[in-house]
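Notes for the one structure printed next.
The values are calculated or read from the model by the stated rules, or taken from the named source; none is laboratory data. Values in this document were obtained by computation on a predicted structure and should not be read as measured data. Because the Cβ atoms are built from the backbone with ideal geometry, glycine has one as well, and the counts that use them run over all protein chains shown. Surface accessibility is based on the protein's heavy atoms, side chains included, excluding ligands, DNA and RNA. Shrake-Rupley method; radii C 1.70, N 1.55, O 1.52, S 1.80 Å.
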Amino acid sequence: AVSQAVREHRLTNADFAPTDLTVELLYLTEVKEAVMGELAALNARLRLAHQDAETRALTDALTGLANRRALDRDLARECHLAARGGVGFALIHLDLDYFKAVNDTLGHAAGDHVLAEVAAILRQETRQSDTVARVGGDEFVLILRGRPELRDAQAVADRIIRKLERPIDYDGTPCRISASAGICLSSAYSVPDPEQLHSDADEATYAAKRAGRGRAVVGMAAPGLGADSGPEVAKWVAGAR
């Protein structure tokens, strides 16, 4: 009430007796408001710094995609949801083909440029709800949430590979790469396990490389995969390793 009166009537020190403690009370009130304001601002800065640190800890510095730590967290969560009756998901492991030749002939700056372009293509071909992660030098993993059907994962992998095979310009020099992909569906497992999914998708990727590269291979026998699945998708089984 005193603070309000000072503001409304424009009171000064001259309006109070020298022995009046009201002036000291006003000073303490102003100091408290200033301190509380600074504390609130400090807390806001700390929250932003914490959020930024968390984001950087889960982000690949070069491409801006999720990193391996973020992928492991998301994959564990999706496996848990799928095991509890959720819609399910598809996991795509993508390994670039001929990328080493770009680094060896044009240098690491060109390689970094190509990786940034790859990241842009992966973002274009996925949804915001999906996880797109760079887990190694030229290795990427995608979690396609809510898409447990093989045809959906096939379509995404095929579009990505076809786009990656278009020349990527670097200072007037075309960089040519491709990709081999391994696909796993959570619906192919009675209880989806992150490590098993990683292992099967990785094995399928190497099977794709052995089959000629530039294609996707299914890591486990998946529902809906028949003999007429098309030339871009080969069914990988134990006898074909």
message: When the residues of the stretch 173-205 are narrowed to those that are open to solvent by 40 Å² or more (accessible area, probe 1.4 Å) and without any contact (Cβ under 8 Å) to a residue 40 or more places away in the chain, which ends up farthest from residue 76 (Cα to Cα)?
response: 174
- line: Per the filter on the stretch 159-172, residues buried (at least 18 other Cβ atoms within 10 Å of the Cβ) and either within 11 Å of residue 114 (Cβ to Cβ) or in contact with a helix residue (DSSP H, G or I) (Cβ under 8 Å, 6 or more places away or on another chain) (or both) are 160, 164, 168, 170
- request: Can you confirm whether the stretch 48-68 contains a residue that is under 28 Å from residue 148 (Cα atoms), under 22 Å from the mean Cα position of the chain (by Cα) and small (Gly, Ala, Ser)?
  value: yes
query: Can you name every residue in the stretch 21-78 that is β-branched (Val, Ile, Thr) and surrounded by fewer than 10 Cβ atoms within 10 Å (Cβ to Cβ)?
result: none
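Please find, within the stretch 83-100, the residue that is nearest to residue 151 (Cα to Cα) out of those that are small (Gly, Ala, Ser) and buried (at least 20 other Cβ atoms within 10 Å of the Cβ).
Step one: filter the stretch 83-100 for residues small (Gly, Ala, Ser), giving 83, 85-86, 88, 90.
Keeping just the survivors that are buried (at least 20 other Cβ atoms within 10 Å of the Cβ) gives 88, 90.
Values: 88: 14, 90: 10 Å.
The residue in question is 90.
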- prompt: Just checking, which of 66, 53, 82 is more than 30 Å from residue 167 (Cβ to Cβ) and touching a strand residue (DSSP E or B) at 6+ places or on another chain (Cβ under 7 Å)?
  reply: 82
- prompt: Just one of 5, 57 is among the aliphatic types (A, V, I, L, M), free of Cβ contacts under 8 Å to residues at least 60 places away in the same chain and touching a Leu at 6+ places or on another chain (Cβ under 9 Å); which is it?
  reply: 5
- request: Give me the pairs, please: first residue somewhere in the stretch 212-227 and part of a strand (DSSP E or B), second residue anywhere and crowded, with 20+ Cβ neighbours inside 10 Å and modelled with pLDDT under 65, beta-carbon distance under 9 Å, and either six or more positions apart or on two chains.
  value: 216/233; 217/233; 217/236; 218/233; 218/236
field: Unmet criterion (only one of (1) under 28 Å from residue 111 (Cβ atoms); (2) over 10 Å from the mean Cα position of the chain (by Cα)) for residue 152
entry: (1)
